[in-house]
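The values are calculated or read from the model by the stated rules, or taken from the named source; none is laboratory data. Predicted, not measured: the structure shown is a model, and the values here were computed from it. Neighbour counts run over all protein chains shown; Cβ positions are idealised from the backbone, glycine included. For accessibility, only protein heavy atoms count, side chains too; no ligands or nucleic acids. Shrake-Rupley method; radii C 1.70, N 1.55, O 1.52, S 1.80 Å.
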Amino acid sequence: MFRNTMPRYEILSADAMDTLDAGWRRLVSEIGVEFGSARALELFRQAGQKVEESDGHGIVRFDPDFVLEQVAKAPRSFDVQARNPANTVHIGDDAMVFGAVYGAPFVREGDVRRDAKMEDFRNLTRLAQSFPALDSAGGVICEPEDTPLDSRHLDMTYALQTLTDKIYMGNVVSGVNAADTIAMTEILFGGRASIEATPATISIINCNSPLRWDERMLEAQLAYSEANQAVVLTPFLLMGAMSPVSIPATLVQQIAEALTGVALSQLVRPGCPVIFGSFLSNIDMQSGSPCFGTPESAIGLLCTGQIARHFGLPVRSGGGLTASQTPDAQAGYESLMTMLPTFLAGINWVMHAAGWLEAGLVSSYEKFVLDVQVLEMLQHEFTPLEIDEASLAFDAHDEVRHGGHFLGAAHTMERFRTCFYRPFVNSSENYERWMRNGAKDAAARARDVAHKKLDEYEPPPLDDAIREELTEYVTRRRRELGD
């Protein structure tokens with residue numbers, strides 16, 4: 001977990017915030033938000049909101065003040081426990097927590113792009129465990145097509161629990177999958193009381209933008225909120241497709257969707273942990289393809305951090321996002337165009353921090369390592385500068401005097417091993433040495449690092465009784481699910 005104590009970069013004036021506030025209030029009260037869950041609609045109806053229901057779906061027109069009353073019940077920050085207490089994280093305040101890519105159906109390694117396999121899922125989980133800059137492997141690091149659809153969530157959760165000792169994300173495909181994740185988490189952490197006292201999972205609940213929360217996501221949200229597990233209420237906004245083409249209109253829609261999702265969790269369990277989610281970018285207006293690392297997405301990201309703080313909520317956004325098909329220069333600069341404002345905005349929960357490629361369709365081994373390299377450098381860059389007598393190095397000047405050099409000075413010799421950040425992928429070799437070593441570009445060097453990390457990987461220790469109970473649960477549930 002990284003503590004970002006740098007000042008936040010905020011671009012919305014007080015007048016702009018007032019205008020956005022009026023906009024989301026009008027949207028939720030006049031247009032309303034659709035919820036595909038009879039239970040959610042009943043909760044809102046009992047709370048006095050206007051509900052127009054048909055076949056389990058319905059439009060809720062909200063009193064904006066009611067929404068704010070519910071939002072005020074949510075904690076400004078909270079902890080998420082890991083099975084290794086050293087890896088427990090804080091969500092909110094100045095903490096930044098980083099997880100790997102999520103949801104890709106394909107994997108890329110070198111020139112090969114293929115369907116993701118369960119062994120890829122395990123390998124990417126091992127890589128996440130191997131890099132201290134990452135706080136979590138995430139959840140669906142890739143979608144393993146060689147395992148049965150109805151039960152693969154069991155195998156993925158088991159891998160996250162056993163191959164890492166960091167926090168992990170819960171499965172959200174359905175309420176059944178959420179219930180399995182909760183049950184397995186209870187096994188890992190010693191019972192329901194333990195995980196209700198301190199959450200042990202974070203789960204992504206995506207809005208079917210515009211203005212619709214669908215049934216499967218809501219089933220998972222209700223299950224996790226009942227168990228006091230953290231949920232990230234995330235509008236999925238590609239401007240021009242799922243929201244209007246203007247940034248202010250998109251921000252208003254984002255507020256309306258996120259806050260109504262937060263309100264539902266608070267009706268289920270007042271005080272349960274939630275995160276104001278944001279996934280905001282735009283489409284290419286010529287092709288309709290999603291774009292990432294755009295100036296518009298960066299502006300939206302900076303605004304989102306400020307908006308979430310305005311409502312007193314921890315915030316999710318950012319990541320190493322790119323539309324590039326390979327881990328090339330485009331992938332590098334688009335990812336940095338997203339990751340740098342992530343730090344400037346002080347985002348608390350950062351998904352897709354490593355491995356995202358091809359607009360999220362691909363989990364890439366090389367991109368995973370390159371993203372971690374950038375992440376480490378940004379964490380170093382955003383660490384406050386210490387200025388004291390030792391760092392002012394007056395003695396070094398006294399030793400070297402005029403026109404000399406500091407290579408052999410005592411101050412240099414005492415600090416040369418740790419004075420500068422040392423990248424593990426970058427090459428600063430001269431041309432001749434670089435040629436002798438194979439003339440490898442950054443992607444090839446990153447692939448070497450990935451292989452080395454996987455060769456050196458050792459699973460974190462886990463009590464044999466817990467492992468056996470988890471294994472028995474997975475075996476039984478797979479049989480019950482018909483796989």
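Using only side-chain charges placed at the Cβ, +1 for Lys and Arg and -1 for Asp and Glu, the dipole size of the stretch 104-161 relative to its Cα centre rounds to 140 debye.
Per residue, how much accessible area does the chain show when a 1.4 Å probe rolls over the protein heavy atoms, in square angstrom?
Using a 1.4 Å probe on heavy atoms only, each residue of the chain averages 43 Å².
Summarising the amide proton neighbourhood of Lys50: residues at separation of 5 or more, or on other chains, whose placed amide H is nearer than 5 Å comprise Arg61, Asp63. Rounded to the nearest 20 debye, the dipole magnitude of the chain is 120 debye, with +1 charges on Lys and Arg beta carbons, -1 on Asp and Glu beta carbons, and the Cα centre as origin. With contacts taken as Cα pairs under 8 Å and at least 6 residues apart, the stretch 16-115 reaches a relative contact order of 16 percent.
Dipole of the stretch 183-263 computed with +1 at Lys/Arg Cβ and -1 at Asp/Glu Cβ about the Cα centre; of Leu211, Tyr224, Ser194, farthest Cα towards the positive end is Leu211. Close amide H contacts of Ile204 (hydrogens built in the peptide plane, cut-off under 5 Å, sequence separation of 5 or more or a different chain): Gly170, Val232. Solvent-accessible area assigned to carbon and sulfur over the chain amounts to 53 percent, based on a 1.4 Å probe.
Loop-located GluC sites (Glu not before Pro) in the stretch 109-209 (DSSP state not H, G, I, E or B) with no more than 11 neighbouring Cβ atoms inside 10 Å do not occur. Projection of the Cα convex hull of the stretch 342-483, averaged over all directions and equal to a quarter of that hull's surface, yields 16.4 nm². Think of each Lys and Arg Cβ as +1 and each Asp and Glu Cβ as -1; about the Cα centre, that makes the dipole of the stretch 1-126 roughly 600 debye.
Applying both filters, DSSP loop and at most 10 other Cβ atoms within 10 Å, to the GluC sites (Glu not before Pro) of the stretch 208-306 eliminates every site. The overall shape of the stretch 322-361, judged from the alpha-carbon gyration tensor, is oblate: a/c is not under 1.5, and a/b is no greater than b/c.
May I ask you to derive the relative contact order of the chain, considering only C-alpha pairs under 8 Å and at least 6 residues apart, and to give it as an integer percent?
Working: 986 pairs, mean separation 86.4, N = 483.
Here the relative contact order equals 18 percent.
Taking a point 7 Å out from the Cα of Ile31 in the direction of its Cβ, the residues of the stretch 272-294 whose backbone N falls within less than 19 Å of it are 277-283. Bridges between two residues of the chain, per DSSP, are antiparallel at a rate of about 45%. Sites count as exposed loop sites when they are trypsin sites (Lys or Arg not before Pro), lie in a DSSP loop, and have at most 10 other Cβ atoms within 10 angstrom; the longest stretch of the chain without one is 1-400. For Met239, the amide hydrogen comes within under 5 Å of the amide hydrogens of Ser281, Asn282, Ile283, counting only partners 5 or more places away or on other chains and with H modelled in the peptide plane.
Set against the labelled values (i) 86, 55, 46; (ii) 71, 70, 44; (iii) 80, 58, 48, Cα extents along the principal axes in Å computed from this structure falls on (iii).
When you filter the chymotrypsin sites (Phe, Trp or Tyr not before Pro) in the stretch 411-456 for DSSP loop state and at most 16 other Cβ atoms inside 10 Å of their Cβ, you are left with Phe416, Phe420, Tyr421, Phe424.
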